[in-house]
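These notes concern the structure reproduced below.
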Amino acid sequence: MGQVVSRWWWGGDPDAASPVSGLTLRQVYHVQSTWRPVAADAGKYGMELFLRLFRADPETKTFFKAVRDLDEDKIRGSYQFKAHTINFMSAISLAVDNLGQPEVVVAMMEKLGQSHGNRKISTKYFHETRDVLVDMLKNDFKLTIEQMKAWEIFITFIYKHIFDKL
Ligand code: HEM
């Protein structure tokens with residue numbers, strides 16, 4: 001009886017992994033619910049994420065013409081760069097929001113792979129971006145081990161399809 005209610009509540013077996021994303025319904029819930037507070041202040045956290053990325057690897061800054069010669073204070077004030085950080089956060093939000101139809105996320109990520117491949121952005125920089133994001137979720141947002149596991153699977157999923165077209 002408990003299992004029937006649980007399946008009804010989740011809309012399926014909460015612990016069965018999607019063959020496309022690798023995420024269970026429970027993990028989709030973790031990713032979506034933990035992303036909400038980050039997305040609610042996308043401008044702030046997007047900017048913070050990129051500033052941390054630039055500190056971790058200054059080479060990443062060179063891809064951004066608008067800010068590559070600016071210091072942190074000036075970068076914070078750049079509307080052009082703010083627009084980029086919000087674009088970045090929106091792309092993550094679109095992927096997160098559409099995990100119920102992961103084939104659509106695959107198509108979105110392939111497009112990102114193409115656009116970033118044209119800019120010669122290698123997997124190395126994506127891995128550095130992942131590390132900064134994971135660190136932010138873990139230390140600033142205090143995600144649990146189970147929630148972090150869901151994020152690990154989510155990032156592996158989206159990166160696979162970005163890298164396919166990079
Ligand atoms: C999960 C990781 C990433 C996501 C979701 C993402 C998302 C986006 C989006 C949505 C755009 C605008 C649309 C487009 O051109 O496709 C963009 C542009 C761009 N991205 Fe990324 N990006 C990621 C990683 C990176 C990394 C690692 C770098 C370099 C270190 C990078 C550099 C750029 C540059 C240079 C642009 C153009 C900026 C501009 O025209 O102002 N991105 N990115």
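The values are calculated or read from the model by the stated rules, or taken from the named source; none is laboratory data. Not measured: the values here are computed from a predicted model. When we count neighbours, we look across all protein chains shown, and the Cβ atoms used for this are built from the backbone with ideal geometry, even at glycine. Each accessible area value is taken on the protein alone, full model and side chains, heavy atoms only, with ligands, DNA and RNA left out. Shrake-Rupley method; radii C 1.70, N 1.55, O 1.52, S 1.80 Å.
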Would you mind telling me which residue in 134, 67, 105 has the biggest mean-square fluctuation in a Gaussian network model of the chain, where springs connect alpha carbons within a distance under 10 angstrom?
-> 67
Rounded accessible area of residue 122 (nearest 10 Å², 1.4 Å probe) = 50
Using only Cα positions of the chain, each an equal point scatterer, no hydration layer, compute I(q)/I(0) via Debye at q = 0.20 Å⁻¹ and quote the log10 values to two decimals.
-> -1.42
Candidate lysines for bridging to residue 165, where Cα separation is under 22 Å - those fewer than 8 sequence places away on the same chain excluded | 111, 120, 124
Scalar couplings 3J(HN,Hα) for region 54-60 by Karplus 6.51 cos²θ - 1.76 cosθ + 1.60 (θ = phi - 60°), nearest whole Hz, x for Gly and Pro, are 4, 5, 5, 8, x, 4, 5
The chain, helix-only ellipticity at 222 nm - DSSP H runs n ≥ 4, -39,500 (n - 2.57), divided by all residues, nearest 500 = -22000 deg cm²/dmol
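Count charges around residue 105 for me, please; just the other residues with Cβ under 14 Å from its Cβ, Lys/Arg as +1, Asp/Glu as -1.
Working: positive: 111, 160, 165; negative: 97, 103, 110, 164.
Result for the local shell: -1.
Could you work out the local net charge near residue 75, counting Lys and Arg as +1, Asp and Glu as -1, over the other residues with Cβ closer than 14 Å to its Cβ?
Values: positive: 44, 52, 55, 61, 65, 68, 74, 76, 82; negative: 48, 69, 71, 72, 73.
With Lys, Arg at +1 and Asp, Glu at -1, the net is +4.
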For region 24-165, with every protein chain kept in place, what is the accessible area per residue (1.4 Å probe, Å²)?
-> 54
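Cross-link list 74/149; 65/149; 138/160: which exceed 32 angstrom alpha carbon to alpha carbon? Display every interim value, and only then the final one.
Values: 74/149 36 Å; 65/149 35 Å; 138/160 22 Å.
Too far apart for the 32 Å limit: 74/149; 65/149.
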